[in-house]
Amino acid sequence: MTVLPSGDAERVDAVVVGAGHNGLVAANRLADAGWRVLVLEATDTAGGATRSAELAAPGWLTDLGSAFHPLGAASPVLRALRLEEHGLRWSHAPQPLAHVLPDDSAAVISRDLDVTAASVDAFAPGDGDAWRALAAQWQDLREPLLDALLSPFPPVRGGLRLLRKVGSPDLLRLVRRLLLPALRFSAEEFRGEGARVLVAGNAMHADVPPTGSGSTAFGWLLSMLAQDVGFPVPVGGSGALAAALVARLEARGGRVETDRPVSAVLVERGAAVGVVDRAGGTVRADRAVLADVPAPVLYRELVGEEHLPARLRADLDRFQWDHAVLKVDWALSGRVPWTAAGARDAGTVHVGADTTGLVDLGGDLAAGRVPRTPYLILGQLTTADPTRSPRGTESLWGYTRVPHDALRGPGEVEAHVARMEAVLERHAPGFGDLVVGRAVSGPDELQRQNPGLIRGALMAGTASPHQQLVFRPTPGLGRPDTVVDRLFLAGASAHPGGAVHGGPGAAAARAALARSGRLGPAYAAVIRAGHRVVHGTPGSTA
């Protein structure tokens, strides 16, 4: 949108659209550089998908979006912000994760390597040693790998560190591993169902089926993080993570204004110069506009297609959302009565499918069918953080994936919730008798709670390889720089994608600083040339 605002418009160095954790990370990075930063948030609370509330019953605190944060605890981006100095504290369940199988056996990942090895060995002798070997390799690769994964594209520094660590031949093998379907990787590494289902189940956190290329990247990564740093939660809810980011920002002079939705990005002579809020107020940004919103929303609703090259407009038509989510929060009067002992002390529990069932689930979702037996990703929040509900009770958080535009007919959401609870009753007899409160959030309700969760998609776009790296959010440079000068994509639609790690926000801030630095004109010329090669010019038809 091109608007000539009035002379009394507010002025800052940078305005950030959206106070999700990525927007807050970006704002903090800019404030560290001495910039005057204003963050505008559409809802009444900062945090985006890192927020908490008492949904199911008074006194039972749950998380509205993300709950467990293995990448958050390990992320070099978040660690560098030292959020513990601003009130963030982590809490752990006795065990990070358990996967309950149809026969009520359970495979467990513990931060104690001996416990994990014994668990997977019970399914197939020798798998414990295979897991130990992977864990040892992870410890050796962890820092350079996370640096490379969470750095702006191309990851020159992290890539070189990784190359020095593993050498050229083994780097190729590592890349092959990351591109493997989780099912194939598990078959190569393990003989038993326990270890295999742990990896495949973790891949489903990223909504990538175990038969999909690249699913090992998520399944192996989350499994190793569970082994290493666990699946911790912020004490007092995920909103505590956002609160720490806000406190840090305000300590550096930045501001967050809630209940102030942005309706347009101001574009003049091909550059972003500010924003207009829904009430008609204008904020001028002297250096940059950063947007922690999904890419289709930024380009089509806030910028306007008149500023976009035809190739980019066509690419946006092909943008693929990740599958929708149906989320339920339960207030329970007691602990979940799992038949599988391994699930009782786990913070995160997977239930509803073995590896074969996960393959079937992926097929159902790809075909647009609602799975008859839901696969559940559950969080026993009180087990992980005793502050979440009264002593002896449980705040249970859980979701299942469904196709987009499913569950639209009368009673369809309620029927699927009944299927979810039937799975729980089968593996935890007496579960229903413990329910004292329930809150159901279907895809539409999730979007009402958080406008960034379009159609109930948690990841701001599929994490499959065809929409990662230089293909995220569309074929391009793999960078936060958009086709509009001084406008940067700071949300999960940008590389390196979804999950709570701050990578997109940090990358956007870094790009904004480079554009405004001493070599800014040269930087802009290179980016502009790259966009012309990939997209053509705004207004072009080819």
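Here, each number is a calculation from the coordinates, and none is a lab measurement. Bear in mind the structure is a predicted one, so any value in this text is a computation, not a measurement. A quick note on method: Cβ atoms are made from the backbone with ideal geometry, for glycine too, and the neighbour counts reach across all protein chains shown.
Note on Ala310 and Asp44: their simple-model spin labels are 4.8 nm apart, each label 7 Å out from Cα toward Cβ.
Counting only DSSP H runs of at least 4 residues, each contributing -39500 (n - 2.57), and dividing by the residue count of the chain, the helix-based mean residue ellipticity at 222 nm comes to -11500 deg cm²/dmol. Spin-label pair Phe471-Thr537: with each label point 7 Å from Cα along the Cα-Cβ axis, the two points sit 3.0 nm from one another. Values of log10 I(q)/I(0) for the stretch 167-290 across q = 0.16 Å⁻¹ run -0.85, by the Debye formula with one identical scatterer at each alpha carbon and no solvent. For the stretch 465-477, putting each phi into the Karplus relation 6.51 cos²θ - 1.76 cosθ + 1.60 with θ = phi - 60° gives couplings of x, 6, 9, 10, 6, 6, 9, 10, x, 9, x, x, 9 Hz, in residue order, rounded to whole numbers and with x for Gly and Pro. So how much slack lies between Glu257 and Arg300, counting 0.36 nm per residue of separation and subtracting their Cα-Cα distance, in nm? Here the answer is 13.1 nm.
When the charge dipole of the stretch 50-164 is built from unit charges on Cβ atoms (+1 for Lys and Arg, -1 for Asp and Glu) and taken about the Cα centre, the candidate among Thr50, Pro155, Ala106 whose Cα reaches farthest toward its positive end is Pro155. The calculated FRET efficiency for the pair Arg284 and Arg82, based on their C-beta separation and a Förster distance of 41 Å, comes to about 0.85. What is the distance in Å between the Cα centres of the stretch 140-163 and the stretch 176-192? Taking the Cα centre of the stretch 176-192 as reference, the centre of the stretch 140-163 is 22 Å away.
Extension gain Ala522-Arg391, at 0.36 nm per residue separation less the Cα-Cα distance, in nm?
Between Ala522 and Arg391, full extension yields an extra 41.2 nm.
Of the trypsin sites (Lys or Arg not before Pro) found in the stretch 363-393, the ones in coil according to DSSP and having at most 14 other Cβ atoms within 10 Å of their Cβ are Arg369, Arg372, Arg391.
Take every DSSP beta bridge with both residues inside the chain and express the antiparallel ones as a percent of the total, to the nearest 5. Here the antiparallel bridges make up roughly 65 percent for the chain. Candidate values (i) 75, 56, 46; (ii) 67, 56, 46; (iii) 72, 71, 49 were compared with Cα extents along the principal axes in Å computed on the shown model; the agreeing label is (ii). Each peptide in 353-365, 276-288 was scored by the mean count of other Cβ atoms within 10 Å over its residues; highest first, the order is 353-365, 276-288. By the combined test of axial Cα extent (at least 20 Å) and Kyte-Doolittle hydropathy (mean at least -1.0), the qualifying DSSP H helices of the chain come to 127-150, 156-179, 412-427, 520-535.
Computed from the C-beta positions of Arg191 and Ser213, the FRET efficiency with R₀ = 25 Å rounds to 0.60. If you plug the beta carbon distance of Arg408 and Arg318 into 1/(1 + (r/R0)^6) with R0 = 30 Å, you get a FRET efficiency near 0.80. Looking at the stretch 315-361, the trypsin sites (Lys or Arg not before Pro) that sit in a DSSP loop and have at most 14 other Cβ atoms within 10 Å of their own Cβ are Arg318. What you get for the stretch 128-255, charging only the Cβ of Lys and Arg (+1) and of Asp and Glu (-1), is a dipole of about 360 debye around the Cα centre. Please list, by residue number, every one of the trypsin sites (Lys or Arg not before Pro) in the stretch 53-108 that is coil in DSSP and has at most 12 other beta-carbon atoms within 10 Å. The qualifying sites are Arg82. Here the contact order of the stretch 217-364, divided by its residue count and restricted to Cα pairs under 8 Å and six or more residues apart, works out to 12 percent. Could you please state, rounded to a whole Å, how far the C-alpha centre of the stretch 262-295 is from the C-alpha centre of the stretch 438-481? Taking the Cα centre of the stretch 438-481 as reference, the centre of the stretch 262-295 is 21 Å away.
In this rough spin-label picture, where each label sits 7 Å from Cα along the Cβ direction, the Arg132-Arg455 distance is 4.8 nm.
Between Glu250 and Ala415, full extension at 0.36 nm per residue minus the direct alpha carbon distance yields a gain of 54.9 nm.
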